[in-house]
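Notes for the one structure printed next.
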Amino acid sequence: MSLSMSLTDLMLTATVMLLVAYVIRYVRYRPSERFPPGPPRLPLLGSYPFLLAFNYRHLHRAAAKLSELYQSKLIGLYLGSVPAVVVNDYETVREVLRRSEFDGRPDLFLARLRDERFARRGIFFTDGDSWRGQRKFFLKTLHDYGFGKRNDTVEEDLRGGLTDLIDLLREGPKHEHEKAVVDKRTGSALCPQVFFALFSNVLLRMLTATRLEREDQAVLFEVGKHSLAFHRQGDDYGLALSFVPWIRHILPEFSRYRLLREVNQKANGVIRALAENCEKTYDENNIRCFIDAYIRELHRGGSKISSGTDSFGFEYDQLIIGCADFLVPAFSAIPAKLGLILQRLVAHPDVVVKMYDELEQHVGTSRLPLLDDRANLPYCEAVVREGLRIDTLVPSGIPHVATVDTELAGFQIPEGTLIINGLDYINHQGDVFPEPNRFRPERFLGDDGKLSLELDKSIPFGAGRRVCAGENFARNALFLTVATLVQQFTISMEESPDPKQHLTGVIRTAPDFWIKFSAR
C-alpha cells in the first residue's frame, strides 16, 4: 500500500512539475531570440490582459506605457495565440508602411463577422492576390466616377449637401428624421449624427448613380447610426473576439458579438437593397455607376481581373462588403473626425477668428468656399491638418502582417506576426512635432504664411500601398465643410469639450455632444 502511494505521489509530483515548467515556458516564450521585449503570454488571451490593465479604454496608450516600461520603441506581445509587434517610433512606422513584406492583413474575426457567411471579403481587411485584384478594380472604377480626384460632380454634390446642411441649421428640421439631430428651439445640432447624410450621399451617387434628397434621407441616418455603433464598439486591436472568436458562443453580449453582428447586418442590408435596385434597372449599354460596372462583370459569368499574377472572381457578397468598406467611413468616420475638429475650434476661438478673417478676405460671404480657393486659404487648410494630427482618427491604424520572416529595427519579425503601427503615438512624438499636445495650426505654415507640406509629417491615413483609399476624398470633404461652417456660423457649446472623454473603438470619437450653430 505504501509503495503504491509513493508511486502515486511521485507521479503526481512529476506531473505538477511538468505542468509548472510548461506554464513557465509558455508564459516566457518568444517567437525568436531577437523578438522585441514585452509583457508575458497568458493562456487563451496572450498579453491582451496586460494591455487592459494598463489602460482598458485606450489600448494605444497602454502600448505607449509598455514602450516606456521596456524602454523600447518596438513592443512584442501576443494577442491570443498570435505574435504581435507594436511600433511606437516615427521613422520605423514609415519603414513598415514602405516595405512590401509588411503589406499583409491579419485574419480578424471582427472583419469576418461583417459577412453573412463569415467569409473574408472586401478590400480593407484582405491581402494577397485577392486584395491586389480587388483594390485595382475598385479604385480604378470608382476613380472613373470621381473618387480620389478633383471632380466637378463630386464637388457639386458636396456643395449641394452643404447647402442643405446650412438650411437645416438655420431654419431647423423640415422632416421627421431631422428632428433627432437638430433642436430648432436652441439652434443646436447633435454631433456627429447631424453629418451622417452629408458625405455618404456623395459616395452613394458614385456607387448607385442616385443622390437622395432631404426628405428621403432617413435611411442614411439609420445606416449612420449602425455604422457609428460598429466603430465605437470595437477597440484598437479588434477586441478579444478577434483572437478568441469562440468566446462569442459563451458570452455573446459581453464579447459584443451580438451587437456588432446586428449593426453590420443592418447596414449591409441597406447596401444590398441599393445594389438590387441598380440591378433592376441595369443596362449593359448604359453603365451609370460603380455597381453597374461590377454587375457587368457578374453577368459575364465568373470573369476575372488580373494584376500581374493576381486575380479574383467577382461575387455578389464581395460587392456588398467592398461597397461597405467605402460607405461605412463616409457614414460615420468622416463625421466623427469633423466632430473632433469642431470641438477643437470651440476650445480655441482665436483660431476661428483667424479662419474667418482669411475666408472673408479671399472668399467673402456671397458664396460658399470652393476647392479652387484652397491655395488662398492656407490657415484653414492647416487647421484641418492639425485636427487630423492631434486627434488621430485610427490611433493604431489597421494592423499589418509580416508575410515573410524579416527584420525591423534590429529585431527579428517572424512570418505571420501582426504589426501594429502607433499612429497616435508618432503624431504626438515630441522630436517630430514640438508641443505635440497643443492645438497649433501654425506648425504647418512656413515663414511666408503659406502651407508647407514639408512641415506636415503627420500620418493620419497611413502611407504606402496600404494608405487609406479615401484619403483624398476625406481631406477635400473636411476642408470644404470646416471652411463653410466657419464662414456661415459661430459655434459654441454649453460645456467646454474635454479630449480626455474621447472614446477609442475602431476609430476615435467624442461622446455624442450638442453644438450650437449661430448664423453670422
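Identify, from the list VAL202, VAL219, VAL194, VAL223, the residue that is in a helix (DSSP H, G or I), surrounded by fewer than 17 Cβ atoms within 10 Å (Cβ to Cβ) and either among the β-branched types (Val, Ile, Thr) or touching a residue at least 24 places away in the same chain (Cβ under 8 Å) (or both). Explain how you work it out, then say what you get.
Working: VAL202 fails: surrounded by fewer than 17 Cβ atoms within 10 Å (Cβ to Cβ); VAL194 fails: surrounded by fewer than 17 Cβ atoms within 10 Å (Cβ to Cβ); VAL223 fails: surrounded by fewer than 17 Cβ atoms within 10 Å (Cβ to Cβ).
Just one listed residue meets the conditions, VAL219.
Restricting the first residue to the range 371-385 and requiring it to be more than 11 Å from MET355 (Cβ to Cβ), which pairs with a second residue that is assigned to a loop (DSSP other than H, G, I, E, B) and among the hydrophobic types (A, V, I, L, M, F, W, C) meet a Cβ separation below 6 Å and a spacing of at least six or different chains?
Going by the 6 Å Cβ cut-off, the qualifying pairs are ASP373/VAL363.
For the list (1) under 24 Å from LEU168 (Cα atoms); (2) of a type outside the set (Val, Ile, Thr); (3) at pLDDT 95 or above, I need the number of the one condition that ARG520 fails.
(3)
Please verify whether SER518 is in a strand (DSSP E or B) and surrounded by fewer than 17 Cβ atoms within 10 Å (Cβ to Cβ), treating the condition exactly as stated.
Yes.
Please go through (1) surrounded by 21 or more Cβ atoms within 10 Å (Cβ to Cβ); (2) more than 18 Å from LEU327 (Cα to Cα) for ALA477 and return the number of the only condition it doesn't satisfy.
(2)
Given the condition without any contact (Cβ under 8 Å) to a residue 24 or more places away in the chain and in a helix (DSSP H, G or I), answer yes or no: does some residue in the range 278-288 qualify?
yes
Given the options SER67, SER130, SER100, name the one that is buried (at least 18 other Cβ atoms within 10 Å of the Cβ), at pLDDT 90 or above and either polar (S, T, N, Q) or in contact with a Leu (Cβ under 6 Å, 6 or more places away or on another chain) (or both).
SER67
From (1) surrounded by fewer than 18 Cβ atoms within 10 Å (Cβ to Cβ); (2) in contact with a helix residue (DSSP H, G or I) (Cβ under 6 Å, 6 or more places away or on another chain); (3) without any contact (Cβ under 8 Å) to a residue 60 or more places away in the chain, pick out the condition that doesn't hold for HIS177.
Every listed condition holds for HIS177 apart from (1).
Just give me the residues in the range 159-174 being surrounded by fewer than 14 Cβ atoms within 10 Å (Cβ to Cβ) and under 21 Å from ASP373 (Cα atoms), in sequence order.
THR163
Cβ contacts < 6 Å: first residue free of Cβ contacts under 8 Å to residues at least 60 places away in the same chain, restricted to the range 498-520; second residue part of a loop (DSSP other than H, G, I, E, B), any location; separation 6+ or different chain. Result?
GLN501/PRO511
Do you know which residues across the range 106-122 are under 23 Å from ASN421 (Cβ atoms) and out of contact with any Gly (no Cβ under 6 Å at 6 or more places or on another chain)?
Going residue by residue through the range 106-122, those that are under 23 Å from ASN421 (Cβ atoms) are 106-112, 114, 120, 122.
Answer for the range 106-122, where residues must be under 23 Å from ASN421 (Cβ atoms) and out of contact with any Gly (no Cβ under 6 Å at 6 or more places or on another chain): PRO106, ASP107, PHE109, ALA111, ARG112, ARG114, ARG120.
For every residue, the table says whether it meets (1) closer than 30 Å to LEU142 by Cβ; (2) of a type in the set (A, V, I, L, M).
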site	(1), (2)
SER458	yes, no
VAL482	yes, yes
MET493	no, yes
GLN501	no, no
VAL506	yes, yes
ALA510	yes, yes
LYS516	no, no
ARG520	no, no
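If a residue must be over 22 Å from GLU101 (Cα atoms), in contact with a Phe, Trp or Tyr (Cβ under 7 Å, 6 or more places away or on another chain) and either among the aliphatic types (A, V, I, L, M) or surrounded by fewer than 20 Cβ atoms within 10 Å (Cβ to Cβ) (or both), how many such residues does the range 463-473 contain?
Adding up the residues that qualify gives 1.
Going through the range 67-82 one residue at a time, which ones are farther than 15 Å from LEU239 by Cα and in contact (Cβ under 8 Å) with a residue 60 or more places away in the chain?
Across the range 67-82, the qualifying residues are SER67, LYS73, LEU74, GLY76.
So for the range 403-420 (the condition being at pLDDT 95 or above and within 15 Å of the chain's Cα centre (by Cα)), does at least one residue qualify?
Yes.
Answer yes or no: is there a residue in the range 481-491 that is closer than 18 Å to VAL383 by Cβ and either in contact with a His (Cβ under 6 Å, 6 or more places away or on another chain) or of a type in the set (Asp, Glu) (or both).
No, because not a single residue in the range 481-491 is closer than 18 Å to VAL383 by Cβ and either in contact with a His (Cβ under 6 Å, 6 or more places away or on another chain) or of a type in the set (Asp, Glu) (or both).
Scan the range 459-479 for residues that are of a type in the set (Gly, Ala, Ser) and at pLDDT 95 or above and report the count.
Step one: of the range 459-479, the residues of a type in the set (Gly, Ala, Ser) are 462-464, 469-470, 474, 477.
Remaining after also requiring at pLDDT 95 or above: 474, 477.
Number of matching residues: 2.
Applying the selection to the range 430-462, what residues are surrounded by fewer than 18 Cβ atoms within 10 Å (Cβ to Cβ), within 20 Å of VAL86 (Cβ to Cβ) and touching a helix residue (DSSP H, G or I) at 6+ places or on another chain (Cβ under 6 Å)?
VAL432
Taking the options VAL351, VAL363, VAL346, name whichever one is modelled with pLDDT of 95 or more and touching a Lys or Arg at 6+ places or on another chain (Cβ under 9 Å). Walk me through it before giving the result.
Details: VAL363 fails: touching a Lys or Arg at 6+ places or on another chain (Cβ under 9 Å); VAL346 fails: touching a Lys or Arg at 6+ places or on another chain (Cβ under 9 Å).
Unique residue meeting the criteria: VAL351.
Give the residue that is surrounded by the fewest Cβ atoms within 10 Å (Cβ to Cβ), with candidates limited to residues of the range 234-259 that are of a type in the set (Asp, Glu) and within 27 Å of ALA64 (Cβ to Cβ).
This residue is ASP235.
The values are calculated or read from the model by the stated rules, or taken from the named source; none is laboratory data. Quick caveat, the model's predicted, so the values are computed rather than measured. Neighbour counts run over all protein chains shown; Cβ positions are idealised from the backbone, glycine included.
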